[in-house]
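Down below is the structure, laid out as structure tokens.
Throughout, read-outs are computed from the coordinates displayed, never taken from laboratory work. No experiment lies behind these values; they were computed from the predicted model shown. Using ideal geometry, Cβ is built from the backbone for each residue, glycine included, and neighbour counts are taken over all protein chains shown.
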Amino acid sequence: MSAADLHDGVDTSPFLVLGALLGAIGWAATQYVAWNPGVVLGAVGVAGTTAIVLGWLGATLLMAAVGLTVASRAVRYSPPLWVWSGLVGAAIAVNLSVVLGVAPRSVARYALWHPWMVAFALGFALTAILARGRNRLAYAAGSASSLLVLAAAVVFPAATGGIIFLLTGVVHAGPLLVDAYTAPPAMAATDDATPTDDAASTTARNP
């Protein structure tokens, strides 16, 4: 398989931009519903929490569909993507446990937003370690920011409660956009990681 074949399709940076856009829109919508809890119920007859969780489920399925159908092999075979699939899937599952009434009432309040922040903190940290040819500093900063926002929400709930989902949107989208627009082009990263035939033959002659 050639380097060109590896990057045929929606490549890593466009895929990250899509994830950032869905994240920014999703968290802005979540904040709007939090500010106006009766709007969704009055419009479609569904509780705001249910609508939000279903919206995130739809966004997650859209990303999965793009990844499985039109994304490049570089995206599909990326270890960070596998990590994120597991973390986001776990967060969605915990959210659904609240909507379906499975989660105990005593923990339900911590089973909606908090799992996402844990997923972001772990996901960005592991991406900073695993991602090759990407902006690892952006992901390390994203992990630290996730923990900072989570800590602020726990320690200062009154001060952060009104904007917590907007802050989450920044944490979600920021590292993805920074990486998408600052990482080297995919082919350049591949060329840097893989020696050319000429370089390989030169090395063979001059070990």
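Assorted remarks:
- Note on S85/F156: beta-carbon distance plugged into 1/(1 + (r/R0)^6) with R0 of 45 Å gives a FRET efficiency of 0.85.
- Built amide H within the under 5 Å cut-off of V10, gap 5+: A71, S72
- Cα-based Rg and Dmax for the range 3-158, where Dmax is the largest Cα-Cα distance (Å): 16.9, 52
- Rg and Dmax, both from the Cα atoms of the range 79-189 and both in Å, are 15.4, 52.
- Here the Karplus relation 6.51 cos²θ - 1.76 cosθ + 1.60, evaluated at θ = phi - 60°, turns the backbone of the range 152-168 into coupling constants of 5, 5, 6, 7, 10, x, 5, 6, 9, x, x, 10, 4, 6, 5, 4, 5 Hz, with x for every Gly and Pro.
- Over all distinct Cα-Cα pairs of the range 28-112, the Kirkwood formula returns a hydrodynamic radius of 14.4 Å.
- Estimated vicinal HN-Hα couplings, Hz - the range 100-112 in sequence order (Karplus 6.51, -1.76, 1.60; Gly, Pro = x): 7, x, 7, 5, x, 4, 5, 10, 4, 5, 9, 10, 10
- Calculated from backbone phi, Karplus (6.51, -1.76, 1.60) coupling profile of the range 60-75 in Hz, x at Gly/Pro: 5, 5, 5, 4, 5, 5, 5, x, 8, 10, 10, 6, 5, 5, 4, 6
- Proximal charge balance of G142 [Cβ under 11 Å; K/R count +1, D/E count -1]: 0
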